[in-house]
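Reading through the structure tokens given below for one structure.
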Amino acid sequence: MILKVLNVGKSFNGLIVLEDVSFELETGTITSLFGENGSGKTTLFHIISGFLPPSRGKIYFKGESIYDKPATEIDKLGIGRTWQFPRVFKNLSVLDNLLLASKKHPGEHVLNYLVNPFKIWQEEKKRKEKAVRISYDVGLSDKLEEAAGRLSFGQQKLLSIGMLLINEAELLLLDEPFAGLNVIMVDAISKLLLQLKEEGKTILMIEHDRKKAKAISDKVLYLTKGIIREDVGVA
Amino acid sequence: MNYFLHILIVCEIYIILALAMNLLAGYSGLLSLAQAAYYGIGAYVSALLLTQAGLSFSLSLLGAICFNLIISFPIIWFASSLRDLYFAIATLAWQIIVSAILYNWQAVTNGPFGIMGIPKPGFGGFVFDSLPSFASFSSLVTLSVLLFFIGLHRTPLSRCFLGVRDDQLAMMSFGKKPSYFKSWAILISSGVSAIAGGLFAVYFSYIDPSSFTLDESILIICMVLVGGLGAIRGSVAGALFYVLLPEVLRFIHIPDSIAANVRMMIYAVLLILVVMYRPYGFFGKYTFE
Amino acid sequence: MYAQILFNGLVAGLLLALVAVGFNLIFNTTKVFHLAHGAMFVVGPYALLQFIDITSGIGLWAWGGSVLLVVFLAMLIERVVYQPLARKRSGQAISLISSIGVYLFIVNLISLVYGNETKYVDLPLGGSFSLLGITIIPVQLMQLAIALLLIIGVFILMRTKWFLKVRAITSNDTIASVLGINTEKIRLHTMVLGSIMAGIAGCLQLFDIGIDPHRGMSITLGAVAAVIIGGQTSVKGTIAASLVIAFLQTFTEWYISAHWKEGITFLLLIAVILWRTEGIVSFNIRLEER
């Protein structure tokens, strides 16, 4: 069990969005989260990834409580997320996008330039190689120098998944990975997600295309009226 | 010859300022209207250390840089809690407060009369008091600043500045604190502005508050915008353009009495045209949204 | 003593309120951070001076000409600069910069033509007199009367259907235009109206402490402070904040020094901005969920 959400509730100024949400995710599985528009799916993602504080409840990631940790800390623990509208760095190249997503780069800290600049360049080279490798995995190897804002919607979604990979996230929260994409792109992403599952990553995704999502899911969660209902073994 | 050396030195001072501004506006997306405040504080602190404390130029400049780093805290605070327009307004207010202090804290700044008799810099007995020697000195300083920024551009750190500019939430979701990078951009920028201020003080050997007003801040932003945000050569081109334009006006015999106004009007029209029709400036890689 | 400060503050505050309410209307409908408002503040009086020269007398013709010029200029700025930028969906930083450009252009044009020295107009209203221990200059009474009249005019306007449209655009211009409100027309209206208020405020200052081409910026920044402190969308809040700021400035002038009054105004502005605006994250999260 990698993630455990226990009795999480969230309300905005008295408006209850999440009533009482509890579920668990096993390591190396794909889980789909279904629900009506406005049922609080994205809010749940914001809460797990630390962008919104829950009103109550408990969240454990690998046994550690992440209830009140900020987003930056939660990422360091190994939870990565994508956004409904892919948040890529529009003016930067695909390569730079991937490099920015990589974690704990010594070059991010100003003092390292004074203490050990050599290590920064070594690390930078290593990470560049890794970024290129990942660009092959997500099928963007021929776009490395292209500005991310110029990519198509689907390519931006692929890129944001690639960014989670170089980020070494163990739990991937994907917000509508299939929405707005053509059949070829959906198949490509499905294949990529199954491959990631083989590699031991855990995936939780919000999706409206139930058929496509169920085809690759181990478990399905329904979020209605702020409460989670579970269906096991659909796949 | 002396005329060209003078123009060269003025160009260099503005190149340094534009590069510092570019790190804020072009790299980190922070439209600060307080750049002239840091330029001015740098000039005043180094001038005071030179004239009152009798320190050498390098020590005074170091002192000015350190002082600017400390006094950057309001901008850092604004950057961490305000978004674009409100950040701009807060920095504008801060610029006016600093101007008021320079004008009115007479015991230290000598108010509107300014500080006179600032000695020229020197090293080991040699003083850069002739125009050619000072020009080579200031060129050396400017070149080092330029190389510093070119070097910075290639580091992973500058990539993080750009990331903060493009999408702060995404930065957070990858474990990076936007405020950390903004703070460093602000610190580096105000530190570098102190260098420009120090050069200005020793070159003219006289400073008064009128050189460091809101208008000057606006002028620096104009340079960076016309040159293009986020590009080092853009900042250099913008600074050159803005300093050389009035000299061209002088050649076509526009009388001195109206030259300053004509110059500002041309700047203003250019600024509007750039914003409307060429938001990326000459070489820009980014534009405000 | 206090009564004198209160009276002077009241007059200054109402003048500031004219500028601030104008800024408020323009900012809320066009979303442009209209620093060129300060240029309108000086265009008004300089046009008045010019028309006094032409018509050799300060009468209806001079006032009318001055107001007409301000109206023309406001429409020009809106049509040539702000509206095209709005059509391109440019952000507030861009429009702020364009507005600075407009300001610089107009102010330098005026200074080119008329020079930088301060201009006055002496009205034959007689000398100052004393009332309840307050020294009153008749010009101040005139300023008070005209400013009050204009502000009452704005309150009457706020009860019209037209102002409902302004409010709709203030809260969401996209929805307003979908609902069939001609946003471009309303933008133009507020631009004109706001500019007239700034222009008249400038003219009123002409009879008192005088005008030079660079006077506009500091009063506009004071108006910005008033609008933000007063809560941005509220006209009443803006007026109240203008009065508070003017009292504060008069007090500073009286007890500390006239030089510090801007510094103190902007310290207050910074405090209010930091206190009132939300953090970056909460704002973006809501954007995401929209």
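The values are calculated or read from the model by the stated rules, or taken from the named source; none is laboratory data. As the structure is a prediction and not an experimental result, all values here were calculated from the model. Neighbour counts are summed over all protein chains in view; Cβ atoms, including those assigned to glycine, are modelled from backbone coordinates with ideal geometry. Surface areas here come from the heavy atoms of the whole protein model, side chains and all, with no ligands, DNA or RNA. Shrake-Rupley method; radii C 1.70, N 1.55, O 1.52, S 1.80 Å.
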Flag if B:Ile41 is at pLDDT 95 or above, open to solvent by 10 Å² or more (accessible area, probe 1.4 Å) and either under 19 Å from the mean Cα position of the chain (by Cα) or under 28 Å from B:Gly151 (Cα atoms) (or both): yes
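Suppose we keep only residues that are aliphatic (A, V, I, L, M) and over 28 Å from the mean Cα position of the chain (by Cα) within segment A:111-126. Which one would you say is nearest to the other protein chains (Cβ to nearest Cβ)? Step through it out loud before you land on a result.
If we filter segment A:111-126 for residues that are aliphatic (A, V, I, L, M), which is where we start, we get A:111, A:114-115, A:120.
So of that shortlist, the ones also over 28 Å from the mean Cα position of the chain (by Cα) come out as A:111, A:114-115.
Numbers: A:Leu111: 10, A:Leu114: 12, A:Val115: 14 Å.
Filtering segment A:111-126 for residues that are aliphatic (A, V, I, L, M) and over 28 Å from the mean Cα position of the chain (by Cα), the one nearest to the other protein chains (Cβ to nearest Cβ) comes out as A:Leu111.
Going by the conditions given, is B:Ile118 farther than 19 Å from B:Gly191 by Cα, among the hydrophobic types (A, V, I, L, M, F, W, C) and within 13 Å of chain C (Cβ to nearest Cβ)? First the steps, then the outcome.
Values: farther than 19 Å from B:Gly191 by Cα: yes; among the hydrophobic types (A, V, I, L, M, F, W, C): yes; within 13 Å of chain C (Cβ to nearest Cβ): no.
Taking the combined requirement at face value, the residue does not satisfy it.
How many residues does segment A:56-66 hold that are touching a helix residue (DSSP H, G or I) at 6+ places or on another chain (Cβ under 9 Å) and open to solvent by 10 Å² or more (accessible area, probe 1.4 Å)?
Taking segment A:56-66 and keeping what is touching a helix residue (DSSP H, G or I) at 6+ places or on another chain (Cβ under 9 Å), we get A:57, A:59, A:61-62, A:64, A:66.
Those still in the list that are open to solvent by 10 Å² or more (accessible area, probe 1.4 Å) too: A:57, A:62, A:64.
Qualifying residue count for the region: 3.
In this structure, does C:Leu123 turn out to be away from every other protein chain (no Cβ under 14 Å) and in contact (Cβ under 8 Å) with a residue 24 or more places away in the chain? Walk me through it before giving the result.
On the way: away from every other protein chain (no Cβ under 14 Å): yes; in contact (Cβ under 8 Å) with a residue 24 or more places away in the chain: yes.
Considered against the rule, which asks whether it is away from every other protein chain (no Cβ under 14 Å) and in contact (Cβ under 8 Å) with a residue 24 or more places away in the chain, C:Leu123 comes out as yes.
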Those residues of segment C:64-78 which are in contact (Cβ under 8 Å) with a residue 40 or more places away in the chain and open to solvent by less than 60 Å² (accessible area, probe 1.4 Å), in sequence order: C:Ser66, C:Val67, C:Val70, C:Val71, C:Leu73, C:Ala74, C:Ile77, C:Glu78
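For segment B:148-169, which positions are aliphatic (A, V, I, L, M), closer than 22 Å to A:Lys76 by Cβ and modelled with pLDDT of 90 or more? First the steps, then the outcome.
First pass over segment B:148-169, keeping only residues aliphatic (A, V, I, L, M): B:150, B:152, B:157, B:162, B:164, B:169.
Now drop any that are not closer than 22 Å to A:Lys76 by Cβ, which leaves B:157, B:162, B:164, B:169.
Hits for segment B:148-169 are B:Leu157, B:Leu162, B:Val164.
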Test result for A:Leu6, in contact (Cβ under 8 Å) with a residue 24 or more places away in the chain, over 17 Å from the mean Cα position of the chain (by Cα) and surrounded by fewer than 20 Cβ atoms within 10 Å (Cβ to Cβ): yes
Close pairs from segment C:80-94: first more than 7 Å from every other protein chain (Cβ to nearest Cβ) and within 18 Å of C:Asn182 (Cα to Cα), partner assigned to a loop (DSSP other than H, G, I, E, B) and not polar (S, T, N, Q), Cβ under 6 Å, at least 6 apart: C:Tyr82/C:Val32
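Show me the helices (runs of 4 or more DSSP H) found entirely inside segment A:110-227 where at least 3 residues are free of Cβ contacts under 8 Å to residues at least 12 places away in the same chain and open to solvent by 20 Å² or more (accessible area, probe 1.4 Å).
Values: elements: A:110-115, A:117-137, A:153-166, A:183-198, A:210-216.
Helices (runs of 4 or more DSSP H) meeting the threshold: A:110-115, A:117-137, A:183-198.
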Hits in segment C:213-240 (condition: more than 13 Å from chain B (Cβ to nearest Cβ) and over 17 Å from C:Ile151 (Cα atoms)): C:Arg215, C:Gly231
Segment B:66-80, residues that are within 11 Å of another protein chain (Cβ to nearest Cβ), of a type outside the set (S, T, N, Q) and open to solvent by 40 Å² or more (accessible area, probe 1.4 Å): B:Trp77
Of all residues in segment A:88-105 being in contact with a helix residue (DSSP H, G or I) (Cβ under 6 Å, 6 or more places away or on another chain) and more than 16 Å from A:Leu151 (Cα to Cα), the one that is farthest from the other protein chains (Cβ to nearest Cβ): A:Ser102
Segment A:72-87, subset touching a Lys or Arg at 6+ places or on another chain (Cβ under 9 Å) and in contact (Cβ under 8 Å) with a residue 40 or more places away in the chain, residue nearest to the other protein chains (Cβ to nearest Cβ): A:Asp75
Of the criteria (1) facing chain C (nearest Cβ under 9 Å); (2) more than 19 Å from the chain's Cα centre (by Cα); (3) open to solvent by 20 Å² or more (accessible area, probe 1.4 Å), which one B:Met264 fails: (2)
